[in-house]
Amino acid sequence: MADMNSASGSALAGKLSPGFTSKVNLFVDIAIVLIMTFVASSSNPDVDMDDVRGLFWIATAAIAAWVVTAAALRHYSVLAYDRSGLDDTAMVSVHVAAMMTLTALVELFIGGREPTPNIPQLLVLVWCSAALARWFFRRLAHGEPPLDDVLIVGIGPIGRLTASDLRQRGRHRVIGHLRYDNENGRETGLLERSYATDGAICRIVGGIGQLEQVLRTVAVDEVYVAGKVRTHGEEMQDAIRVCERFGIPFAVPAYAFRLDRAQAVEANAVSDGYLHYETHKPMPQQQAMKRLFDIVASAMALWLLLPLFVVVVALIKLTSRGPVFFRQTRVGRHGRTFNMLKFRSMVANAESLKASLSAMNEQAGPVFKMRRDPRVTRIGRFIRKYSIDELPQLINVLRGDMSVVGPRPPTPDEVLKYEVWQRRRLSVRPGLTCIWQVSGRNQISFEDWMLLDMQYIDHWSLARDFQLIFRTIPVVITGRGAS
């Protein structure tokens, strides 16, 4: 009976439109902030509840701080529910801290003229209520698409059953199938459908030989190699080699034989019938601590650097025409794109002028670097030298697009020119700094840059991240290697 209720709950959640849970979560959190502001005020003996004008302004400020922080961090994005429970708890804490900061400022401004809530009590009430609400909506959101994008190699019974199982679990979106050479099926585009031999619908995007091409052009979080070892062993091995070169996680069937009674000793390891592999050593506890550090460090840095942000914004607006921020599409983990933020350091039409300067590129490989780039503004040259233009990327770190430490995110046109072994740098979350930044930056070759990133990925540890952060500080202060 419990399983039936769970299944019906999942079915109900699956019928919800994408993002519906997030919208309800936002509405509930706003209600929590509003209600708890008045609850925390009712316990203050000096507050006359007949006069709610002051409470209205405090509640408005608190809600505004919460909503602005949520928009900056994409806290209510559909994909945000993929974060770990630790991530979400830290995110709620950041929201509460932002809300309390603005609330305290408003209370300081209105002084003793208007009723004010009990600040410590308000902090505890909002944090506990919002954290509990987030836990509930995380569970509800597990039935909502989209989540991880997976590619299945195989259109036979194993491939189709795997696709059906992943869809029922609700945490994956099957973007297509590749067929083995001895499997029948008509190849179609990603947005079309093809019928497999027994009439089951699956989306065929090519043959097994096109795996490398698909991984170059489509963002894939994991590849399921759904085949029979006796029949497809050689092709499965080729698929594994491609995934290893690209740094894409992959899964292979855990059982080569049919089992009627026997069970795996470690059931959790093969809960979906597959053994899952990554191309670098998984360290989940350290990864969780890394993400927690990213959230706390970027939130504190943004708060402390706010006066500098104001000065830079004013200088950019006073010295050149165009927007203050420069948004550029960059490629993140597993090829998924995002908008990276920077302070604008070039003229407004810098991107359109790039082609005319390509012959003057001073960096080998697909990246464009020029020591005396004529597109850079007067203020831009200064903020680039000391990496001040990169500071808005702290917002990308909070959002989860980037990390404090990791390979620098490339542009899509750069990735198209990568050799296969170089694409493995996309197997981890990009960052603000890495080995390249503390090893001379523009003074080293592109190939050496890529090799340094591979070294970082293959030998990653949390302690090494902190070492790179401490080594980055003097590089930024002196402007060494920047152009």
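The values are calculated or read from the model by the stated rules, or taken from the named source; none is laboratory data. Given the structure is predicted, the values throughout are model-derived calculations rather than measurements. Because the Cβ atoms are built from the backbone with ideal geometry, glycine has one as well, and the counts that use them run over all protein chains shown. What goes into the accessible areas is simple: the full protein's heavy atoms, side chains included, and nothing from ligands, DNA or RNA. Shrake-Rupley method; radii C 1.70, N 1.55, O 1.52, S 1.80 Å.
Structure notes:
- Filter result for Val331 (open to solvent by 70 Å² or more (accessible area, probe 1.4 Å) and modelled with pLDDT of 90 or more): no
One line per residue, one yes/no per condition, for (1) hydrophobic (A, V, I, L, M, F, W, C); (2) modelled with pLDDT under 85:
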residue	(1), (2)
Tyr76	no, yes
Arg83	no, yes
Ser93	no, no
Ala97	yes, no
Met100	yes, no
Phe109	yes, yes
Pro115	no, yes
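- Applying a threshold of 8 Å to beta carbon distances and a minimum spacing of six or more residues, or different chains, the list of pairs starting in region 378-394 at a residue that is without any contact (Cβ under 8 Å) to a residue 12 or more places away in the chain and ending at one that is open to solvent by less than 50 Å² (accessible area, probe 1.4 Å) and among the β-branched types (Val, Ile, Thr) reads Phe382/Ile388.
- Any pair with Cβ under 6 angstrom, 6 or more apart, that starts in region 287-310 at a residue that is open to solvent by 70 Å² or more (accessible area, probe 1.4 Å) and ends at one that is part of a helix (DSSP H, G or I): Met289/Leu462
- Checking each residue in region 376-392 for being within 23 Å of the chain's Cα centre (by Cα), charged (D, E, K, R) and farther than 17 Å from Val438 by Cβ picks out only Asp389.
- Test: Trp460 is surrounded by fewer than 20 Cβ atoms within 10 Å (Cβ to Cβ) and assigned to a loop (DSSP other than H, G, I, E, B): yes
- Conditions (1) modelled with pLDDT of 85 or more; (2) under 30 Å from Thr337 (Cα atoms); (3) small (Gly, Ala, Ser); (4) crowded, with 20+ Cβ neighbours inside 10 Å: number failed by Ala62: (2)
- Beta carbons closer than 8 Å, at least 6 apart along the sequence or on distinct chains, pair a first residue in region 211-233 that is over 14 Å from Ile155 (Cβ atoms) with a second that is surrounded by fewer than 23 Cβ atoms within 10 Å (Cβ to Cβ) and of a type in the set (Ser, Thr, Tyr) for Ala219/Thr337.
- Where strands (runs of 3 or more DSSP E) fall wholly inside region 222-280, no range has 2 or more residues that are open to solvent by 20 Å² or more (accessible area, probe 1.4 Å) and modelled with pLDDT under 85.
- Pick from region 397-430, criterion charged (D, E, K, R) and closer than 29 Å to Leu86 by Cβ, ranking: modelled with the lowest pLDDT: Arg399
- Residue within region 417-427 that is in contact with a His (Cβ under 7 Å, 6 or more places away or on another chain), hydrophobic (A, V, I, L, M, F, W, C), open to solvent by less than 20 Å² (accessible area, probe 1.4 Å) and at negative phi present: yes
- Considering residues of region 9-42 that are open to solvent by 70 Å² or more (accessible area, probe 1.4 Å) and at pLDDT below 80 only, the residue nearest to Glu107 (Cα to Cα): Ser42
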